[in-house]
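Worksheet: one structure, shown below.
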Amino acid sequence: MELATLTAKGQVTVPKAVRDALGLRQGDQLSWELEDGSARVRAVGPLDVAYLQGLEGTLSEWSSAADDQAFAEL
């Protein structure tokens, strides 16, 4: 088990053993998932921009005036 201390600014240093084990480097992102009074921290990989752009292109069918009207009451 590795321990870290929360600073007055709410910051935590990820222990070196954890950084090394996960291959974390400066600028990497971590996600915090809350569940039943505890937190799970996970390393987040870089986003695949081409995938996101392709996904965005498929969502345009849901952005018509008819859709806005149909879902306005929900």
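Each value in this text was obtained by applying a stated rule to the coordinates, not by laboratory testing. Keep in mind that what you see is a predicted model, and the values were worked out from it rather than measured.
Data for the structure
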read-out	value
Between helix 49-58 and the chain: long-axis angle, C-alpha atoms, 0 to 90°, nearest 10	30 degrees
Computed log₁₀ I(q)/I(0) - Debye formula, equal Cα scatterers, no solvent, the chain, q 0.15, 0.16, 0.23 Å⁻¹	-0.76, -0.80, -1.13
